[in-house]
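First comes the structure, then the notes that go with it.
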Amino acid sequence: MLTYVILSICLCSAVGFQMKSAIDLTHPFNENTIAWPANTQFSATQIMKDYTETGIWYEERVISGSEHSGTHLDAPVHLRDEEGGWSAGDIPLNRLAGPGIKIDISEKCLENIDYELTVEDVEAWESKHGQIQEGNIVIVHTDRGKFYTDRDRYLGRPAGMDLPFNDTKHLHFPGISPAAAQVFVDRKVYGVAIDTPSLDYGQSRDFKSHSTEKLPAKGFLMNCMVQKLEGGSGGPVRVIAILDKPRTDQLVQEDDGNTGL
């Protein structure tokens, strides 16, 4: 799943572009949707799919599950040192889009399933493409998204072990080191996304950091439309990358100084 976390966000509005080349980065929500193992899993119960007595076709389902299921956003209120921050419903609409960049660490993740993005990885990207700008949305590409349809492999559970469904002690997948996360905070990016279950690598216990292969290194617009859940610690999102190279000067406005933290 693509996990998207709001860090520090500047005003942004998507105007004047055509969706000639768009990539949907969202996994479908269904019985195979992956949530954090210890959390309530997603479910959908069909309560009506038939003609009514008056001859009108009617469909409806009841859905339930963790806010942090499938492709989702972690709001600032979700995981922090002390209570506070924006809930999912508090995040202003114009803070959910911005110029995107992609940092590819997939080769290093092949060598080490528990690899963490380092400050050196960020600096290596910047040496090629320029410094990450205030207002960017960072995509960390590990290539683990290709395993999403295989729950155990996606979560990095060791093969051959008979583990309970809700086990969280044997998770192995890449993440972002606290030091690299601090660089993103210092750069004042809008948010950070990753194609694993969490920003923190699978064996993390303190969560200090907390289908992207088609994206270029830079030059695209990210849109992250989260459900407006009042009081929500996060929520499902529809994440779209627009590859039409929108003019940044038309998209980014001045920061109003409020980060929601």
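The values are calculated or read from the model by the stated rules, or taken from the named source; none is laboratory data. A quick note: this is a predicted structure, and the numbers were derived from the prediction, not measured. Cβ coordinates were reconstructed from backbone atoms using ideal geometry, including for glycine residues, and neighbour counts include every protein chain displayed. Side chains included, ligands, DNA and RNA excluded: accessible areas come from the protein's heavy atoms. Shrake-Rupley method; radii C 1.70, N 1.55, O 1.52, S 1.80 Å.
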Probe 1.4 Å, heavy atoms of protein chains only: per residue, the accessible area of region 49-163 in Å² is 55
Which of 47, 23 is most accessible, then next, and so on - probe 1.4 Å:
47, 23
Sorted by accessible area (1.4 Å probe), largest first, how do 36, 57, 86 line up?
57, 36, 86
Can you tell me the FRET efficiency between residue 168 and residue 230 if r is taken as the Cβ-Cβ distance and R0 is 25 Å, rounded to the nearest 0.05?
0.35
Give the long-range amide H neighbours of residue 234: residues separated by 5 or more places, or on another chain, with amide H under 5 Å away, using H modelled in the peptide plane at 1.01 Å from N.
75, 88
So what is the relative contact order of region 81-190, in percent, for Cα pairs below 8 Å that sit 6 or more residues apart?
37
Distant-in-sequence amide H partners of residue 229 (H built 1.01 Å from N, under 5 Å):
89
In region 111-178, what percent of the accessible surface is made up of carbon and sulfur (1.4 Å probe, ligands and nucleic acids excluded)?
47
Karplus couplings for region 75-82 from phi (6.51 cos²θ - 1.76 cosθ + 1.60, θ = phi - 60°), rounded to Hz, Gly and Pro as x?
6, x, 6, 5, 9, 7, 6, 8
Round to the nearest 0.05 the FRET efficiency obtained for residue 214 and residue 61 when R0 = 35 Å and r is the Cβ-Cβ distance.
0.70
Protein chains only, probe 1.4 Å: how do 58, 115 rank by accessible area, largest first?
58, 115
